[in-house]
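Read the structure below first, then the notes.
The values are calculated or read from the model by the stated rules, or taken from the named source; none is laboratory data. Since this is a predicted model, take the numbers as computed values, not measurements. Every residue, glycine as well, gets a Cβ built from its backbone with ideal geometry; the counts of neighbours run over all protein chains shown. The area values use the complete protein model at the heavy-atom level, side chains included, leaving out ligands, DNA and RNA. Shrake-Rupley method; radii C 1.70, N 1.55, O 1.52, S 1.80 Å.
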Amino acid sequence: MTDEFDGLEKQIMAAMRKVYTETVIDHAMNPKNADRIAHADGFGRITGPCGDTMEIWLKVNNGTIVGATFSTDGCSTTVACGSMATEIIKGEDVAQALAISPSDVLEALGGLPEDNHHCALLAANTVKAAVKDYIAIRKEPWKKAYRKC
Ligand code: FES
């Protein structure tokens, strides 16, 4: 039974390697920053056209992103994109994080099939939403009390 399972697992991995880079597979299977941040400084939630939702939490110190986490109900490619997007922005300043593009996520992952490009768009847009939330709350801190995250 174990040999049968091992064989099946090897076949699945071989099939995945034909489509996805090792980086994508690694981030999908062992996602970084798959967590929430309590009392986050910035929070974004976006539902993409496919119906999948991503949430991103930020911790910001002196204008630098010191913590970024994500959650998604999407497929493993979406998980890989959330994982990579949060890795990319950690250590960046707020303006740099706001400028993240789907291409940045795709490039860092070593590419994705065309059909999965919208997963990178969802991750980049959710980062932007979280950064905009951070900026809005800095201007009007009382809004944090009404945020649902
Ligand atoms: Fe929906 Fe990736 S399949 S965002």
Q) From the set of residues in the stretch 19-61 that are polar (S, T, N, Q) and closer than 21 Å to Asp93 by Cβ, which is farthest from the ligand (Cβ to nearest atom)? A) Asn61
Q) For the stretch 124-136, does any single residue satisfy the condition of being in contact (Cβ under 8 Å) with a residue 60 or more places away in the chain, basic (Lys, Arg) and open to solvent by less than 70 Å² (accessible area, probe 1.4 Å)? A) yes
(Q) So, in the stretch 36-52, how many residues would count as being out of contact with any Phe, Trp or Tyr (no Cβ under 8 Å at 6 or more places or on another chain) and either under 15 Å from Ala136 (Cα atoms) or open to solvent by 30 Å² or more (accessible area, probe 1.4 Å) (or both)? (A) 10
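Looking only at the stretch 89-98, which residues are within 29 Å of Val19 (Cβ to Cβ) and surrounded by fewer than 21 Cβ atoms within 10 Å (Cβ to Cβ)?
Within the stretch 89-98, the subset within 29 Å of Val19 (Cβ to Cβ) is 89-90.
Across the stretch 89-98, the qualifying residue is only Lys90.
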Q | Residues located in the stretch 91-122, provided they are closer than 17 Å to Lys59 by Cα and either at pLDDT below 95 or part of a helix (DSSP H, G or I) (or both) | A | Val94, Ala95, Gln96, Ala97, Leu98
Q) Quick check, is Asn125 away from the ligand (no atom under 16 Å from the Cβ) and either at pLDDT 95 or above or within 13 Å of His27 (Cβ to Cβ) (or both)? A) no
Q) In this structure, does Val66 turn out to be more than 16 Å from the ligand (Cβ to nearest atom), more than 14 Å from the chain's Cα centre (by Cα) and touching a residue at least 60 places away in the same chain (Cβ under 8 Å)? A) no
Q. Is it true that Val60 is among the aliphatic types (A, V, I, L, M), open to solvent by 50 Å² or more (accessible area, probe 1.4 Å) and more than 13 Å from Cys119 (Cα to Cα)?
A. no
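Lys143: in contact (Cβ under 8 Å) with a residue 40 or more places away in the chain, surrounded by fewer than 21 Cβ atoms within 10 Å (Cβ to Cβ), assigned to a helix (DSSP H, G or I) and charged (D, E, K, R), yes or no?
no
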**Q.** Filter result (within 15 Å of the ligand (Cβ to nearest atom) and either open to solvent by 40 Å² or more (accessible area, probe 1.4 Å) or over 21 Å from Asp35 (Cβ atoms) (or both)) within the stretch 72-88
**A.** Asp73, Cys75, Ser76
